[in-house]
Amino acid sequence: MTGAEVLLEALVREGVEVIFGHPGGAIMPVYDALYHRRELRHILTRHEQGAGHAATAYARASGRVGVALATSGPGALNLTTALADAMMDATPLVAITGQVPTTAVGTDAFQEADVTGVTMPITKHNYLVSDVNDLPRIVKEAFHIARTGRPGPVLIDLPKDVQNDTFTGSFPETIDLPGYRPTYKGHPRQIERALAALRAAERPILMVGGGAQHAAQPIRRFVERTGIPVIATLQGLGVVAADDPRFLGMPGMHGTVAANRAIHEADLILGIGLRFDDRVTGDVARFAPNLKTLIHVNIEPADIGKVIEAQIPVVGDAAWVAERLAEGAEPLALDAWWRRIRAWQEENPLPFPEDGELRSQAVIKAFGEATGGEAVVVTGVGQHQMFAAQFYPVKRPRSFLTSGGLGTMGFGLPAAIGAQVARPGETVLLFDGDGSFQMTLQELATVAKYRLPIKIVLLNNGFLGMVRQWQDLFYEDRYSEVFLADSNPDFVKLAEAYGIPAFRVERREELEDAVQRALAEEGPVLAEFRVKAEEGVFPMIPAGGSTEDMITEPPEEARS
Amino acid sequence: MRQRHVISVLVEDHPRVLTRITSMFARRGFNIDSLAVGRTHIPGVSRISFVVEGDDRTIEQVEKQLNRLIEVLKVVDHEGPRLERELALVKVRVEGIEERIELKEIAEAFRAHIVDVARHALTFEVTGHPAKIDRFLEELSNYGVLETMRTGAVAMDRGERVIKLRARREAV
């Protein structure tokens, strides 16, 4: 066996079925071996970043480890954005990159880059393989590290000569990583303390994040049992169904008034699988000023107490801990608390202007209604992303795939590819903006090649809308370099050039028919919605602000 | 409250492990006052000692972020009674016999050794707590210090307390 064959054998042993990648010089032995291994499906993207995001979304939609493959130098460097993205949003990923031969490493050889050096701070761990006989161990460790603890990306840099070397070793059955032993079972004493604190709390809330996506069942049971109000971060959407009466929406910068007020007044927060990032907290000093007890459940000890001090830290797996909490919890007497929350909800519905204009919010809502909140939703990054988070009623876990921590524009289209590959029979809806879409639109070719029936909903406002919104609010309307409409392509013709059916919608009256038309398409389709350009995402807590600084609706001038 | 901490880290002796650690310190904005590294009696295990300054929260994050690294086996903050030593080589310019005598007296007071003698230069070797080395260098600053090299502090708990590693090998 050659190193390349060993790699593929090791991947098969890890249960890998799909690889997203792009070939090149230094990874050719692996691609040659792949030619003979038909049980490994390879999805050829048109850019390595696309392979990385597709593998990320595949992982998050399926709960498995995503695998991306690229060549050395430029190929590997093109993966880096996706690695950083996966690191931020705790996504299990194994990236395999070709490297120049060991004899050439360090000589500035053709297509050489110090990929293990470059990716050190944006991977959970990485390896440079120098001996082919280490390869099975390294692959086994890489998958173990990627999928356990706080999941994350692991990169294996594989020099070309090692890919060709003859293997004389064996495939290990066990893993020996003495420095890596994640804690799965939360400490029983801490869980007891958490349950006691919950019983004593007057204004408790539950906050769930991306780390709770695999714990939806026990969390839903816990919510059912206790009647506790639930808030989900951007990555936590779908852990509890959006139509659950106890769901208050998203917190933070573009969160609902009710969610942010509830955090402001809460005396207890039970946080599961989240890390209180700055888009959630705003000004940390003014975050949750009435909080007495934070119960922080996270598998990564470093994420507990990093931003907000936890009175009851619980290091452990979200599903394991939620299971114990659901078992031990009792119904909570929260009538007075709920009355206040209901009042906030009634007074502050999400702003949804219905003035006959075609707006992103209405488009997303219409798709939400037509799909019953059951689609796998993927987004790019920008205003459309926040509108999708606010208005698409996500019903199921692992079904809202978005770039949260890194905020990677261009995430959408390749991520939709990964999602559709992971869940072939399901409706995958991509909400993307014209700015975000153009960062990775070459992946239309991948959509076309594999006839992936993705419904691309392009919310074209002709602007970098989120930047423009900040310019509106904080830079006195100085629209510096955010205008795209004068040079955007004809997106309908563009999609058609790739053989993807497409149509354009310009008026509000056409919306419902257009939604039906898009969803009725058997294969891929691009529906371009020419949405109102002068639009802002509200409510909004400006960066570094607190609930008290919340702007609940657009300023007068921006409404016209 | 900001305090000086000496932290020992046992790591797997892999290529780039030091880079991983220092890169993490840099990325997270932790300041390293000094760093020393060497092999241990356990094959494949190296020991690094850091001197870092920070409040309790920062030090807690330093320890937790170190523990996140796969190749870090053990992190210990030496909070109790500890031995702390640093070694320095200092080369000083000497002009006349008087200076030579004065320097020798200073060296004796600090139990520093003259390890190299030249016509116009003396080189001292001094070991001890970093604060002692600071004072030694301060004394010498009245003379013509030509070159200094400090190793960074190494530390160990006093008494019978030791840093233990967990047993290796775990089936998955």
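Of the residues in the range A:385-410, how many are within 15 Å of residue A:277 (Cβ to Cβ) and surrounded by fewer than 22 Cβ atoms within 10 Å (Cβ to Cβ)?
Residues that pass the stated criteria total 3.
Run down B:123, B:151 and say which single residue is in contact (Cβ under 8 Å) with a residue 60 or more places away in the chain and surrounded by 14 or more Cβ atoms within 10 Å (Cβ to Cβ). Steps first, answer last, please.
Values: B:123 fails: in contact (Cβ under 8 Å) with a residue 60 or more places away in the chain.
Within the list B:123, B:151, the selection yields B:151.
Of these, B:88, B:107, B:112, which one is aliphatic (A, V, I, L, M), within 24 Å of residue B:134 (Cα to Cα) and in contact (Cβ under 8 Å) with a residue 60 or more places away in the chain?
Unique residue meeting the criteria: B:88.
Could you list, in sequence order, the residues of the range B:4-51 that are among the polar types (S, T, N, Q) and in a strand (DSSP E or B)?
Initial filter on the range B:4-51 (among the polar types (S, T, N, Q)): B:8, B:19, B:22-23, B:31, B:34, B:40, B:46, B:49.
Once the filter is applied, which keeps residues that are among the polar types (S, T, N, Q) and in a strand (DSSP E or B), the range B:4-51 yields B:8, B:34, B:46, B:49.
Quick check on my filter: what residues within the range A:131-153 are assigned to a helix (DSSP H, G or I), in contact with a Pro (Cβ under 7 Å, 6 or more places away or on another chain) and surrounded by fewer than 24 Cβ atoms within 10 Å (Cβ to Cβ)? Steps first, please.
From the range A:131-153, those assigned to a helix (DSSP H, G or I) are A:132-147; that's our starting set.
Filter again for in contact with a Pro (Cβ under 7 Å, 6 or more places away or on another chain), leaving A:136-137, A:140, A:146-147.
If the condition is that a residue be assigned to a helix (DSSP H, G or I), in contact with a Pro (Cβ under 7 Å, 6 or more places away or on another chain) and surrounded by fewer than 24 Cβ atoms within 10 Å (Cβ to Cβ), then A:136, A:137, A:140, A:147 are the ones that fit.
Name the one entry in A:341, A:299, A:312, A:364 that is within 14 Å of chain B (Cβ to nearest Cβ) and crowded, with 19+ Cβ neighbours inside 10 Å.
Criteria check complete, one pass: A:299.
Got a sec? Which of A:179, A:169 is farther than 29 Å from residue A:543 by Cβ, surrounded by fewer than 24 Cβ atoms within 10 Å (Cβ to Cβ), within 14 Å of another protein chain (Cβ to nearest Cβ) and without any contact (Cβ under 8 Å) to a residue 40 or more places away in the chain? If you could, list the steps in order and put the result at the bottom.
Details: A:169 fails: within 14 Å of another protein chain (Cβ to nearest Cβ).
Only one candidate passes the filter, namely A:179.
Determine whether residue A:124 is within 9 Å of chain B (Cβ to nearest Cβ), in contact with a helix residue (DSSP H, G or I) (Cβ under 9 Å, 6 or more places away or on another chain) and either over 13 Å from residue A:84 (Cα atoms) or small (Gly, Ala, Ser) (or both). Break it down into steps so the answer makes sense when it comes.
Working: within 9 Å of chain B (Cβ to nearest Cβ): yes; in contact with a helix residue (DSSP H, G or I) (Cβ under 9 Å, 6 or more places away or on another chain): yes; either over 13 Å from residue A:84 (Cα atoms) or small (Gly, Ala, Ser) (or both): no.
No; evaluated as a whole, the condition is false for this residue.
Condition test on residue B:44, is it farther than 30 Å from residue A:298 by Cβ, over 18 Å from the mean Cα position of the chain (by Cα) and in the same structural domain as residue B:22 (by TED's automatic domain parsing)? Explain how you work it out, then say what you get.
Values: farther than 30 Å from residue A:298 by Cβ: yes; over 18 Å from the mean Cα position of the chain (by Cα): yes; in the same structural domain as residue B:22 (by TED's automatic domain parsing): yes.
When the stated conditions are applied, residue B:44 passes them.
Would you be able to tell me the number of residues in the range B:30-61 that are facing chain A (nearest Cβ under 10 Å) and hydrophobic (A, V, I, L, M, F, W, C)?
1
For the list (1) in contact with an Asp or Glu (Cβ under 7 Å, 6 or more places away or on another chain); (2) farther than 17 Å from residue A:49 by Cα; (3) not in a helix (DSSP H, G or I), I need the number of the one condition that residue A:384 fails.
Single failed check for residue A:384: (3).
Looking at A:545, A:462, can you tell me which residue is at positive phi and in contact (Cβ under 8 Å) with a residue 12 or more places away in the chain? Spell out the reasoning first.
Values: A:545 fails: at positive phi.
Step by step, each of A:545, A:462 is checked, and only A:462 is at positive phi and in contact (Cβ under 8 Å) with a residue 12 or more places away in the chain.
Can we say residue A:158 is more than 14 Å from chain B (Cβ to nearest Cβ), closer than 25 Å to residue B:46 by Cβ and buried (at least 23 other Cβ atoms within 10 Å of the Cβ)? Break it down stepwise before answering.
Values: more than 14 Å from chain B (Cβ to nearest Cβ): yes; closer than 25 Å to residue B:46 by Cβ: no; buried (at least 23 other Cβ atoms within 10 Å of the Cβ): yes.
For residue A:158, the condition - more than 14 Å from chain B (Cβ to nearest Cβ), closer than 25 Å to residue B:46 by Cβ and buried (at least 23 other Cβ atoms within 10 Å of the Cβ) - is not met.
Considering only the range B:125-166, state which residues are in a strand (DSSP E or B), of a type outside the set (A, V, I, L, M) and within 19 Å of residue B:76 (Cβ to Cβ). Lay out the reasoning, then the answer.
We begin by selecting, within the range B:125-166, every residue in a strand (DSSP E or B); these are B:125-128, B:144-150, B:154-157.
Of the ones still in play, those that are also of a type outside the set (A, V, I, L, M) are B:125, B:127-128, B:144, B:147-148, B:150, B:157.
Of everything in the range B:125-166, just one residue is in a strand (DSSP E or B), of a type outside the set (A, V, I, L, M) and within 19 Å of residue B:76 (Cβ to Cβ), namely B:157.
Answer yes or no as to whether residue A:119 is surrounded by 24 or more Cβ atoms within 10 Å (Cβ to Cβ), closer than 22 Å to residue A:452 by Cβ and either of a type in the set (S, T, N, Q) or assigned by TED's automatic domain parsing to the domain that holds residue A:416 (or both).
Values: surrounded by 24 or more Cβ atoms within 10 Å (Cβ to Cβ): yes; closer than 22 Å to residue A:452 by Cβ: no; either of a type in the set (S, T, N, Q) or assigned by TED's automatic domain parsing to the domain that holds residue A:416 (or both): yes.
Here the answer is no, as residue A:119 does not meet what is asked.
Among the strands (runs of 3 or more DSSP E) contained in the range B:57-124, which hold 3 or more residues that are modelled with pLDDT of 95 or more and within 20 Å of residue B:138 (Cα to Cα)? First the steps, then the outcome.
Numbers: elements: B:72-77, B:82-93, B:113-117.
Here the list reads B:82-93, B:113-117.
Out of everything in the range A:315-338 that is more than 21 Å from residue A:89 (Cα to Cα) and touching a Phe, Trp or Tyr at 6+ places or on another chain (Cβ under 6 Å), what residue ends up being surrounded by the fewest Cβ atoms within 10 Å (Cβ to Cβ)? Give the steps one after another, and end with the answer.
Kept after step one, since they are more than 21 Å from residue A:89 (Cα to Cα), are these residues of the range A:315-338: A:323-338.
Adding the requirement that they be touching a Phe, Trp or Tyr at 6+ places or on another chain (Cβ under 6 Å) leaves A:325-326, A:329.
On the way: A:325: 26, A:326: 19, A:329: 21.
Checking each candidate, the answer is A:326.
If you go through the range A:160-211 one residue at a time, how many are closer than 30 Å to residue A:71 by Cα and of a type in the set (Lys, Arg)?
Residues flagged as closer than 30 Å to residue A:71 by Cα and of a type in the set (Lys, Arg) within the range A:160-211 amount to 1.
Would you pick out the residues in the range A:531-553 that are in contact with a Lys or Arg (Cβ under 7 Å, 6 or more places away or on another chain) and closer than 21 Å to residue A:388 by Cβ?
A:531, A:532, A:535, listed by residue number.
If you go through the range A:481-496 one residue at a time, how many are surrounded by fewer than 14 Cβ atoms within 10 Å (Cβ to Cβ) and not basic (Lys, Arg)? So that I can check it myself, show each step before the final result.
At the first step, the residues of the range A:481-496 found to be surrounded by fewer than 14 Cβ atoms within 10 Å (Cβ to Cβ) are A:481, A:485-487, A:489-490, A:493.
Among the residues that remain, those that are also not basic (Lys, Arg) are: A:481, A:485-487, A:489-490.
The number of residues fulfilling the criteria is 6.
Take the residues in the range A:212-232 that are in a loop (DSSP other than H, G, I, E, B) and in contact with a strand residue (DSSP E or B) (Cβ under 7 Å, 6 or more places away or on another chain); name whichever of them is surrounded by the fewest Cβ atoms within 10 Å (Cβ to Cβ).
Within the range A:212-232, the subset in a loop (DSSP other than H, G, I, E, B) is A:227-229.
Narrowing the set further to residues that are in contact with a strand residue (DSSP E or B) (Cβ under 7 Å, 6 or more places away or on another chain) leaves A:228-229.
Details: A:228: 22, A:229: 24.
So, considering only residues that are in a loop (DSSP other than H, G, I, E, B) and in contact with a strand residue (DSSP E or B) (Cβ under 7 Å, 6 or more places away or on another chain), the one surrounded by the fewest Cβ atoms within 10 Å (Cβ to Cβ) is A:228.
For the subset of the range A:480-522 comprising residues that are part of a loop (DSSP other than H, G, I, E, B) and among the acidic types (Asp, Glu), which member is nearest to residue A:449 (Cα to Cα)? Let's see the steps before the verdict.
We begin by selecting, within the range A:480-522, every residue part of a loop (DSSP other than H, G, I, E, B); these are A:480-482, A:484-490, A:498-501, A:506-507, A:521-522.
Okay, now just the ones that are also among the acidic types (Asp, Glu), so A:481, A:486, A:490, A:506, A:521-522.
On the way: A:481: 34, A:486: 30, A:490: 21, A:506: 29, A:521: 17, A:522: 15 Å.
Here the answer is A:522.
Keeping to the range A:165-211, report how many residues are farther than 27 Å from residue A:324 by Cβ and assigned to a loop (DSSP other than H, G, I, E, B).
Residues flagged as farther than 27 Å from residue A:324 by Cβ and assigned to a loop (DSSP other than H, G, I, E, B) within the range A:165-211 amount to 12.
List every residue pair whose Cβ atoms sit under 6 Å apart, with the two residues 6 or more apart in sequence or on different chains, where the first one lies in the range A:307-318 and is more than 7 Å from residue A:294 (Cβ to Cβ) and the second, anywhere, is of a type in the set (S, T, N, Q) and part of a loop (DSSP other than H, G, I, E, B).
Pairs that qualify, where the first residue is more than 7 Å from residue A:294 (Cβ to Cβ) and the partner is of a type in the set (S, T, N, Q) and part of a loop (DSSP other than H, G, I, E, B), are A:315/A:183; A:316/A:183.
Mind listing just one residue for me: the one in the range B:7-24 that is away from chain A (no Cβ under 11 Å) and under 23 Å from residue B:150 (Cβ atoms) and, of those, surrounded by the fewest Cβ atoms within 10 Å (Cβ to Cβ)?
Of all residues in the range B:7-24, those away from chain A (no Cβ under 11 Å) come to B:7-8, B:13, B:18.
From what's left, under 23 Å from residue B:150 (Cβ atoms): B:7-8, B:18.
Values: B:7: 20, B:8: 20, B:18: 15.
So, considering only residues that are away from chain A (no Cβ under 11 Å) and under 23 Å from residue B:150 (Cβ atoms), the one surrounded by the fewest Cβ atoms within 10 Å (Cβ to Cβ) is B:18.
So residue A:90 fits all but one of (1) part of a loop (DSSP other than H, G, I, E, B); (2) of a type outside the set (Lys, Arg); (3) surrounded by fewer than 21 Cβ atoms within 10 Å (Cβ to Cβ); what number is the exception?
Answer for residue A:90: the failing condition is (3).
Looking only at helices (runs of 4 or more DSSP H) that lie completely in the range A:266-347, which have at least 3 residues being touching a helix residue (DSSP H, G or I) at 6+ places or on another chain (Cβ under 8 Å)? Please lay out each step first, then the result.
Details: elements: A:278-281, A:318-328, A:335-347.
In the range A:266-347, the matching helices (runs of 4 or more DSSP H) lie at A:318-328, A:335-347.
For residues that are under 27 Å from the mean Cα position of the chain (by Cα) and either buried (at least 16 other Cβ atoms within 10 Å of the Cβ) or at pLDDT 95 or above (or both), tally how many sit in the range A:546-560.
3
The values are calculated or read from the model by the stated rules, or taken from the named source; none is laboratory data. All values reported here derive from a predicted model rather than from experimental measurement. Cβ atoms come from the backbone with ideal geometry, glycine included; neighbour counts cover every protein chain shown.
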